[in-house]
1. Would you tally the net charge around Lys329, using a Cβ to Cβ cut-off of less than 14 Å, leaving Lys329 out, and scoring K and R as +1, D and E as -1?
2. Could you give the angle, 0 to 90 degrees to the nearest 10, between helix 320-341's Cα long axis and the longest principal axis of the Cα atoms of the chain?
3. Quick one: net charge around Ile382, please, counting Lys, Arg +1 and Asp, Glu -1 for every other residue with C-beta under 14 Å from its C-beta.
4. Compute the long axis of helix 51-61 from its Cα atoms, compare it with the longest principal axis of the Cα atoms of the chain, and write down the angle in degrees, 0 to 90, nearest 10.
5. How large are Rg and Dmax for region 467-516 when only the alpha carbon atoms are used, in Å?
6. Would you kindly work out the equivalent ellipsoid of region 243-320 from its C-alpha gyration tensor and give its semi-axes, the square roots of five times the eigenvalues, largest first in whole Å?
7. With N denoting the number of residues in region 309-468, provide Rg(C-alpha) divided by 2.2 N^0.38 Å, to two decimal places.
8. Tell me, in nm to one decimal, what length is gained between Asn426 and Arg243 on full extension, where the rule is 0.36 nm per residue of separation less the Cα-Cα distance?
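What follows draws every value from the coordinates through simple rules; no lab data is involved. Remember, it's a predicted structure, so these values are computed and weren't measured experimentally. FYI the Cβ positions are ideal-geometry reconstructions off the backbone, even for glycines, and counts take in every protein chain you see.
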Amino acid sequence: MKVCFFRNATAVLVAVALQCISDNGASALEMSGPDSTGAPGRQGGVMELTLDRAMELACAQSVDAAVALNQLKSAYWQFRTYKAERLPELVFSGTLPTFNNNYNTYQNPDGSYGYVRSNWLGLTGELSVTQNIPFTGGTVSLSTGLDMTRQLGSNGYNEFMAVPVSLKFNQPLFSVNTFRWDKKIEPVRYAESRAAYIEDMESVRMNTVTYFFNYLLAAENLKISEQNLENADKLYSIARERRAIGQISETELMQLRLSALSAKADVTSRRSSLNGAMFNLRAFLGLSEQDTIVPVLPEAIPLPSLDYGDVLAKALANSSFAQNILRRKLEADYSVATARGQRYQVDLNVTVGYSGVNRDLAMAYNDIRDQEVVSVGLSIPILDWGKRKGQVKVAESNRDVVRSQLQQEELNFNQNIFLLTEQFNNQAGQLALAQESDRVAAARYQASVESFLIGRMSVLELNDARDAKDLARQDYVQQLYYYWYYYYDIRSVTLWDYATGTAVGSDIEAVLAEEN
């Protein structure tokens, strides 16, 4: 009869314990919230947040997105400035007015100097159109102007100097043609900036994945800890009943008590980690501190296996890296050309036009005469002890250094693309293994609890099954993080979405529309 009583009591305890652990265990294996494809909702300050929605918020509100946008705007205006320099410029300049009432030195016919009183009022104005000549590197301007001087005093009078038309031409003969080099460099620089903006936005998404999964893992760890505490308390309570009927030892009972105390301390630590991860996620997304985020576990999407050659080709065609390499090569060549052009400086200046001077304004325009000025400025070093030659050699050496660095960067870029492709291709398999491990570890723990309750497993073995279950769940979430991170990393270097088979891009023209 006593044996039957023990068996019946044990059966009842096992049934109750398994029912409690099974009911609550399911919640520890799944994240709360709707399916990842559902739209997030807000109720009373609680936000159910999917990964896609988090990325939308990050791209719209995060500091990183704002920095990327401002860098794009800066590059846009630099390119606009380059284009404007190739167009004619209309300028009005003048002095309205100049007043002079002082003494000036005056040289007498005998060579001596004296002082004369100067008292006059002057007005000047000039309207000019200036055009840079990209083909030659010179400038040409067409202008018209009028000067008036009012001699003050008792015998005051006006005098006018009219310049109906004047043509000026300036041409450096041996210096580097800056306009020609700008035509090579600036479009490449702007293309690099546009691609860099799209890459920066993909980096924002990658950072979102990191912050989101850090919080997701912290929430998962807290759920695991809370469930472990609840299970530990139930097992300890049942163990006390079993101890009362002599089915377990006092040592095993104390081990269960220690497990319950450790689980309680772990809950406090995990809750603190969760609050820290939530603060970081909210700060990154630009959300209010009053918002409570409930993360929705994203599902893996089917992705094709990638070919290294295809990934590398798309990366070189779409990313900013190829533009960056080309721009730096051009800038190194430009530095050499500038150093060579500075060895000899010869400038040609030509001014032709008409001018007229008269005390009557109309006569100043009627009585006009030709005016021509031609000058050639020279600066040719006779003895500089090899200074300018050294400057050329330094520029050439720097160019060779840049070319060597770029060659190494290209090798590193290709290697990184290869490693990233391998990681991406392997991650789907790693995720599948982690998911299966999570399922098996959860089933093993359930079986271990059952075995422990009927006396076929020790406390140490039960704790080992619990730890394996927790580690398997954490590893599954971690592998899911790597899966999404590699996905967006591939997108950022290739600017290509392999899930949809389309190019990754932002509507840059719409973004810059307000700048026009």
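1. Numbers: positive: Lys184, Arg189, Arg327, Arg328, Arg399, Arg403; negative: Glu192, Glu331, Asp333, Glu396, Asp400, Glu409, Glu410.
Every neighbour counted, the sum reads -1.
2. So the helix axis and the longest Cα principal axis differ by about 30 degrees.
3. On the way: positive: Arg343, Lys387, Arg388, Lys389; negative: Asp384.
The answer is +3.
4. On a 0 to 90 degree scale, this one is about 30.
5. 17.9, 61
6. Details: eigenvalues 478, 121, 26 Å².
Here the semi-axes work out to 49, 25, 11 Å.
7. On the way: Rg = 38.7 Å, N = 160, 2.2 N^0.38 = 15.1 Å.
In units of the 2.2 N^0.38 Å rule of thumb, it is 2.56.
8. Details: separation 183, 0.36 × 183 = 65.88 nm, distance 5.00 nm.
Here the answer is 60.9 nm.
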